[in-house]
Amino acid sequence: MTISGCNTIRFYIWVESAKRHFVARFMSYRWFLFQCRPPVLRGFLFSIFESMKYWPVLLLLIMASCSKDGDTANDTTSPVIVLSNPSDGQSFTAGQAITISGSVTDDNSIAEIHVHVSNNNTGVLLMDVHLYPAGASASFSQSLTAAAGVTYKIQVIAKDKAVNEGRSTVLVSGN
């Protein structure tokens, strides 16, 4: 028996019910494989390769949009972080609030401030706060509750629009 549309494939089926079942299944798979996938794939690949003539223009646009503008092109100064609280080595009793506060200044503009608090013994990140101020100076204040026997690594990271980065780190403990 030759299935229509497939000149080279011949199937010999002994049982008539199995033959009907097989032909129906084969034809549905054949329809899916030969009717659905290639046009979709061909259309997709054609659109990719057809649009390759525009890739240099797209690349130039991406490079131009990623380049630094006049304000950030000459900015090599990192933001300055003043961590006013807590001080390095400070101890807190269990249940006491640890207030993390300070300020960040930059010569142009601050893009983001990150406040990370982690357990220094295990490395587990306990707090991850991201702030996005709009000016050349900003202040921050976050708090967490101290636990007994834990040494906290508090790290404040500030980036300006030119991606210059400033960091300040202190270690405090809970008793």
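The values are calculated or read from the model by the stated rules, or taken from the named source; none is laboratory data. Quick caveat: nothing in here was measured; it's all calculated off a predicted structure. Cβ atoms come from the backbone with ideal geometry, glycine included; neighbour counts cover every protein chain shown.
Please pick out the residue among Gly135, Gly89, Gly102 that is in the same structural domain as Ser168 (by TED's automatic domain parsing) and in contact with a Phe, Trp or Tyr (Cβ under 9 Å, 6 or more places away or on another chain).
On the way: Gly135 fails: in contact with a Phe, Trp or Tyr (Cβ under 9 Å, 6 or more places away or on another chain); Gly89 fails: in contact with a Phe, Trp or Tyr (Cβ under 9 Å, 6 or more places away or on another chain).
After ruling out the rest, the residue left standing is Gly102.
For (1) in a loop (DSSP other than H, G, I, E, B); (2) among the hydrophobic types (A, V, I, L, M, F, W, C), each residue gets a yes or a no:
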| site | (1), (2) |
| --- | --- |
| Ile81 | no, yes |
| Thr99 | no, no |
| Pro133 | yes, no |
| Ser141 | no, no |
| Leu144 | no, yes |
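Can Ser173 be described as modelled with pLDDT of 95 or more and part of a strand (DSSP E or B)?
Details: modelled with pLDDT of 95 or more: yes; part of a strand (DSSP E or B): yes.
Yes, satisfied.
Can you tell me which residues in segment 121-149 are over 24 Å from Asn108 (Cβ atoms) and either of a type in the set (Ser, Thr, Tyr) or surrounded by 18 or more Cβ atoms within 10 Å (Cβ to Cβ) (or both)?
Applying the first criterion (over 24 Å from Asn108 (Cβ atoms)) to segment 121-149 yields 121-128, 142-149.
Correct list: Thr122, Ser143, Thr145, Ala146.
From the set of residues in segment 80-92 that are aliphatic (A, V, I, L, M) and surrounded by fewer than 17 Cβ atoms within 10 Å (Cβ to Cβ), which is farthest from the chain's Cα centre (by Cα)? If you could, list the steps in order and put the result at the bottom.
Of segment 80-92, the ones aliphatic (A, V, I, L, M) are 80-83.
Imposing the further condition that a residue be surrounded by fewer than 17 Cβ atoms within 10 Å (Cβ to Cβ) reduces the set to 80, 82.
Values: Val80: 26, Val82: 28 Å.
Among those that are aliphatic (A, V, I, L, M) and surrounded by fewer than 17 Cβ atoms within 10 Å (Cβ to Cβ), it is Val82.
Looking at (1) among the polar types (S, T, N, Q); (2) under 18 Å from Asp88 (Cβ atoms); (3) at pLDDT below 95, which is the one condition that is false for Asn108?
Going through (1) among the polar types (S, T, N, Q); (2) under 18 Å from Asp88 (Cβ atoms); (3) at pLDDT below 95 one by one, Asn108 breaks only (2).
Filter segment 146-170 for residues that are outside any loop (DSSP other than H, G, I, E, B) and among the small types (Gly, Ala, Ser); which is farthest from Glu112 (Cα to Cα)? Write out each step before concluding.
Within segment 146-170, the first condition is being outside any loop (DSSP other than H, G, I, E, B), and the residues that meet it are 151-160, 165-170.
Adding the requirement that they be among the small types (Gly, Ala, Ser) leaves 158, 166, 168.
On the way: Ala158: 6, Gly166: 11, Ser168: 14 Å.
Looking at the filtered set, the residue picked out is Ser168.
Please go through segment 101-114 and give me each residue that is touching an Asp or Glu at 6+ places or on another chain (Cβ under 8 Å) and part of a strand (DSSP E or B), ordered by number.
Just the residues of segment 101-114 that are touching an Asp or Glu at 6+ places or on another chain (Cβ under 8 Å), to begin with: 106-111, 114.
Result: Ile110, Ala111, His114.
Look at Gly95 and say whether it is under 29 Å from Thr77 (Cβ atoms), more than 22 Å from the chain's Cα centre (by Cα) and part of a loop (DSSP other than H, G, I, E, B).
Numbers: under 29 Å from Thr77 (Cβ atoms): no; more than 22 Å from the chain's Cα centre (by Cα): yes; part of a loop (DSSP other than H, G, I, E, B): yes.
Considered against the rule, which asks whether it is under 29 Å from Thr77 (Cβ atoms), more than 22 Å from the chain's Cα centre (by Cα) and part of a loop (DSSP other than H, G, I, E, B), Gly95 comes out as no.
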